[in-house]
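The values are calculated or read from the model by the stated rules, or taken from the named source; none is laboratory data. Keep in mind that what you see is a predicted model, and the values were worked out from it rather than measured. Glycine gets a Cβ as well: all are built from the backbone with ideal geometry, and neighbour counts include every protein chain shown.
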Amino acid sequence: MTEETKNITEETQPEENLIPEETKVPKGWSLLKDDKISLRKVLLAGLVVTVVSAIWGMLTCGWLFNWVYSLEPIEVWKDINSQDPAFNGIYYGGIFILNFLFTWVFALIYHGIPGEKIGKGIWYGFLVWLIGILPGMFSLYLWVNITELVIVYWLVNLLIERIIAGVIITSIYKPRNI
C-alpha cells in the first residue's frame, strides 16, 4: 500500500472506528461510562422518589384508604410487623433499588420520551404504569383471591404515584450536554 493510499484510507475512516476497542461500550450498557448520564443525579432522584413514595404510601395505604384492606377476603394478607427494623431495612432498601432502576431507565431513554420538562416525567410515569403495573395487577387479580376494589385502588394509587415519581425525576435529572 502506498503512503498516499494509506493516508486517503485513514482520512475516510469513520471516527468511531478510530476509538480503541477496549473503550467501546454499547450505548446504555454502562452507567459509569456514559458521559451523558450523571450517576449522582440518578442516585439523588432515586432517593428522593423513595422518600416521597414512602410518604405517599403512609398517607394513602396507611391512613386515608387503609379501610380497603379490611374488605373480604382478608386471608390473603401476610402478618407483617412493620415496626421490625429488619423488615423495614429490606423493604426500603428494595424500594430504593427499584427507584434507582426507575430513574436509570429514565436517564437511558430520556431523549425518546415525548414532551418537555414536566410533561416528560408525566409521560414516563404513565408509560411505566401502563407497561409495568397494569399487566402485573391484571395477573394479580387473576391469580390471587383479592377483592376487585383493592385492585382498582392500587391501579389508581400507583398511577398517581408513578406520575409524581416521573415529575420528581424530570425535575432533578437533566442529561449532561456534551
If we keep just the residues of region 104-117 that are touching a helix residue (DSSP H, G or I) at 6+ places or on another chain (Cβ under 9 Å) and surrounded by fewer than 18 Cβ atoms within 10 Å (Cβ to Cβ), which is nearest to Val167 (Cα to Cα)?
-> Lys117
Selection status of Ile151, without any contact (Cβ under 8 Å) to a residue 60 or more places away in the chain, among the hydrophobic types (A, V, I, L, M, F, W, C) and farther than 19 Å from Ile172 by Cβ | yes
Residue check, Ile146 against (1) closer than 21 Å to Thr60 by Cα; (2) in a helix (DSSP H, G or I), all met but one. Which one?
-> (2)
Cβ pairs under 6 Å, 6+ apart or interchain, first in region 27-53 and modelled with pLDDT of 65 or more, second part of a loop (DSSP other than H, G, I, E, B) and crowded, with 18+ Cβ neighbours inside 10 Å, ordered by first then second residue, are Lys41/Tyr173; Ala45/Tyr173
Single match in Leu101, Leu158, Leu127 (criterion: at pLDDT 95 or above, part of a helix (DSSP H, G or I) and exposed (fewer than 13 other Cβ atoms within 10 Å of the Cβ)) = Leu101
